[in-house]
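J.: Following this message is one structure expressed as structure tokens.
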Amino acid sequence: MTTVWLVDRQFDSKGLVRLTYATEDGERMHTKELAEQRLVTGDGITAGREVDESALGESPDEEAERFAAEASRMAAEHDLDDVV
């Protein structure tokens, strides 16, 4: 399992939220989509999570530096299971 940290969340017009988690070096990422309603009724979004290596993809080159900075900040300020 690999630890990834929340680096981005995007809302679309269909009521979906795309969460992007990345490794602290910003090189690898994991995305998860969920219904916007789940933000209200669910347990919340955590600062980080453990994912299987096979669930990781490569970050776009133009985002790797930003993902690394945000993932490192999240890791320094939060525990994995902190709701953010």
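J.: In nanometres, what is the gap between the two model label sites at T31 and T2, each 7 Å from Cα along Cα-to-Cβ?
T.: With each label placed 7 Å out from Cα toward Cβ, I get 1.6 nm.
J.: Let me ask something else. Listing T20, T3 from the residue with the fewest other Cβ atoms within 10 Å to the one with the most, what is the order?
T.: Ordered from fewest to most neighbouring Cβ atoms within 10 Å, T20, T3 come out as T3, T20.
J.: Shifting gears a bit: Cβ under 10 Å from M1's Cβ, M1 left aside: what net charge do those residues give with Lys, Arg +1 and Asp, Glu -1?
T.: With Lys, Arg at +1 and Asp, Glu at -1, the net is -2.
J.: What is the stretch 2-77's relative contact order, in percent, from Cα pairs under 8 angstrom and six or more apart in sequence?
T.: This gives 40 percent for the stretch 2-77.
J.: Given a 10 angstrom Cα cut-off, can you work out which residue in E27, E36, E62 is the most mobile in a GNM of the chain?
T.: Result: E62 has the largest fluctuation of those listed.
J.: Among G26, G57, G48, which one shows the biggest mean-square fluctuation in a GNM of the chain, springs joining Cα atoms closer than 10 Å?
T.: Answer for the Gaussian network model of the chain: G57.
J.: Using only the Cα atoms of the chain, what are the Rg and Dmax in Å?
T.: Cα radius of gyration and Dmax of the chain are 12.3, 35 Å respectively.
J.: Next question, about the same structure. About the Cα centre of the chain, how large is the charge dipole given +1 on each Lys and Arg Cβ and -1 on each Asp and Glu Cβ? Please answer in debye to the nearest 20.
T.: About 420 debye.
J.: Would you mind telling me which residue in S59, S13, S72 has the biggest mean-square fluctuation in a Gaussian network model of the chain, where springs connect alpha carbons within a distance under 10 angstrom?
T.: Largest GNM mean-square fluctuation: S13.
J.: How do D61, D25 line up, fewest other C-beta atoms within 10 Å first?
T.: Least crowded to most crowded, the residues run D61, D25.
Read the figures in this text as sums done on the coordinates, not as results from a lab. Remember, it's a predicted structure, so these values are computed and weren't measured experimentally. Cβ coordinates were reconstructed from backbone atoms using ideal geometry, including for glycine residues, and neighbour counts include every protein chain displayed.
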